[in-house]
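So the structure is just underneath, and the comments pick up after that.
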Amino acid sequence: MRNIFLLLCLLPIFASAQLKPNSSPKTSPAVAKLVEKAFQEYQNSKDDDCKKTIQQIQKLDPNNRDAFLILANLAMFEKEYENMWSNLNKILKKNPKETDVYSNFVMSHINNFVLPDSIKAVMCRRSIKLNSAQAEPYATLGMVAAISGYYKDAIVFFELSEDKYWKDINTKPVIMLTHARCLYSNGDTILALDKVNQIYDKAKGSDKYTSLFLRTKYLMDLGDLEVKQDIDTLNTYAFENIEIKKLNVTYLSLSNKKDSACKLAKIVRFSEGGESYDISSYCSDLEKSIDLYRKYKTLIYSSNEADLTLKISRMQFISGIDFKWQRMAEMGAVKMNNKALDSSTFLFFDFTNKTVKDLTDQTSFWLSKNQFCELETNRITKIAANGKLISFFRIVGREQIEVFDEKSNEFLLDCVVISDGVSVISYLNDVNNPLIVKIKTEDKEFVLTKIE
């Protein structure tokens with residue numbers, strides 16, 4: 001079935017709104033019935049059946065708008081962009097006042113990356129060129145920029161739309177709420193709150209709850225705790241929503257109910273959709289290190305190939321680390337000397353069966369002391385991961401990774417996260433043991449799952 005995309009947390013589902021049949025009153029009942037049938041076939045990804053139904057429609061009504069629109073959508077999913085444009089052009093030719101047909105098409109696929117952002121932008125600009133007085137095409141350009149993370153550009157387009165006329169005033173709340181999110185993401189919490197307040201009293205339905213959610217979040221960010229009633233309202237509306245639970249965590253923490261905040265934060269972290277939720281600011285009982293010197297000697301990593309087991313035979317981060325490894329029927333050993341651990345830039349993960357690999361200028365599963373210190377001091381260091389070119393990795397946050405001990409007790413291991421924009425590494429913030437707990441590159445992925 002075709003994906004119907006959610007734009008942002010708590011925002012209404014509107015991605016398919018422009019795809020629904022919109023037959024003219026002049027359309028015959030037979031054609032209207034076929035249009036509905038074609039739309040259902042499109043929604044259920046029965047593309048061949050859909051095309052056959054459209055052929056029937058066009059025999060009865062060669063200029064049927066909905067047929068052209070569905071064909072444009074089918075062409076988009078097949079990446080036949082010229083055909084997509086052709087069908088949209090036919091809609092405009094038959095309906096010259098429908099200048100927003102291109103920007104409406106973009107809005108209907110705003111989260112769909114089958115349609116590249118570059119084409120989305122061209123389509124919006126085509127609608128603007130045809131009618132520069134209408135707000136929606138500018139706002140849709142803002143939505144494209146917002147979803148790609150270009151918040152400053154999005155804000156510019158949203159501001160341009162404010163001085164134009166809205167063909168469908170019902171779409172304006174969604175735009176304004178996204179505008180507020182962009183302002184907030186750009187660090188302008190006060191302006192974001194002002195934008196939400198502009199529509200709060202007039203908002204209805206799901207827009208009302210979205211604006212309430214954002215207003216509550218922004219007020220707490222500004223230190224205002226007079227939001228208990230609003231949070232209770234949101235809890236009644238959708239407490240199971242992950243983002244609303246996070247809001248409760250923040251409120252409990254700001255209200256000095258630390259234990260309750262941590263307890264709920266852990267519930268969120270272990271919930272589906274909460275895997276990336278950083279709870280380090282709410283919980284003081286997170287494990288931040290692993291005793292590989294005296295207690296644990298075995299590390300088990302899950303990978304995109306097969307589980308990898310490391311058995312540590314020497315653990316002296318100052319002088320050297322040795323371990324034996326096993327992956328299914330393959331096994332070998334790795335030795336890292338003090339020079340590698342002191343100043344290496346390179347990370348090594350390509351193990352060869354039945355070999356002992358001596359690393360003198362590379363490390364494996366550990367950052368070097370120099371890398372750790374640079375990150376601690378400057379929040380940036382150079383790393384060449386698994387034979388890749390050297391790139392700059394910056395601290396981008398924290399994450400907690402689920403690990404089991406030898407008794408199968410699960411705990412959360414608090415890690416620092418660094419990235420160069422492509423690869424991501426999570427490591428222990430421990431000067432005596434900067435173990436890499438998780439690494440994901442273009443071709444490798446390891447995550448620590450158990451210690452013994």
Test result for A135, surrounded by 16 or more Cβ atoms within 10 Å (Cβ to Cβ) and either closer than 26 Å to G421 by Cβ or modelled with pLDDT under 95 (or both): no
Among residues of region 239-257, those that are over 16 Å from R269 (Cα atoms) and exposed (fewer than 15 other Cβ atoms within 10 Å of the Cβ), counted: 3
Lone qualifier among T345, T377, T360, T381 - being β-branched (V, I, T) and more than 31 Å from the chain's Cα centre (by Cα): T360
Close pairs from region 425-447: first in the same structural domain as A384 (by TED's automatic domain parsing) and touching a residue at least 40 places away in the same chain (Cβ under 8 Å), partner of a type in the set (S, T, Y) and buried (at least 18 other Cβ atoms within 10 Å of the Cβ), Cβ under 7 Å, at least 6 apart: P434/Y427; L435/Y427; I436/Y427; T441/S423; F446/Y301; V447/Y301
Criterion: over 25 Å from the mean Cα position of the chain (by Cα) and either of a type in the set (F, W, Y) or surrounded by 15 or more Cβ atoms within 10 Å (Cβ to Cβ) (or both) - qualifying residue of S284, S289, S280: S289
Residue within region 91-106 that is in contact with a Cys (Cβ under 9 Å, 6 or more places away or on another chain), assigned to a helix (DSSP H, G or I), surrounded by 20 or more Cβ atoms within 10 Å (Cβ to Cβ) and not aliphatic (A, V, I, L, M) present: yes
Residues that are of a type outside the set (S, T, N, Q) and either in a strand (DSSP E or B) or over 15 Å from N432 (Cα atoms) (or both), drawn from region 283-299: C283, D285, L286, E287, K297, L299
Evaluation of S271 against (1) of a type in the set (S, T, Y); (2) at pLDDT 95 or above; (3) outside any helix (DSSP H, G or I) (one fails), failing number: (2)
Failed criterion for V417 (all others in (1) part of a strand (DSSP E or B); (2) in contact (Cβ under 8 Å) with a residue 24 or more places away in the chain; (3) among the β-branched types (V, I, T) hold): (2)
Residues of region 297-315 satisfying the condition of being under 35 Å from the mean Cα position of the chain (by Cα) and more than 10 Å from F446 (Cα to Cα): T298, L299, T309, L310
Residue match in region 105-125 (condition: free of Cβ contacts under 8 Å to residues at least 24 places away in the same chain, assigned by TED's automatic domain parsing to the domain that holds N197 and over 28 Å from the mean Cα position of the chain (by Cα)): no
Test result for M176, surrounded by fewer than 24 Cβ atoms within 10 Å (Cβ to Cβ) and of a type in the set (A, V, I, L, M): yes
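The values are calculated or read from the model by the stated rules, or taken from the named source; none is laboratory data. Computed from a prediction, not measured in an experiment: that's the story for all the values here. Every residue, glycine among them, receives a Cβ derived from its backbone with ideal geometry; neighbour counts consider all protein chains shown.
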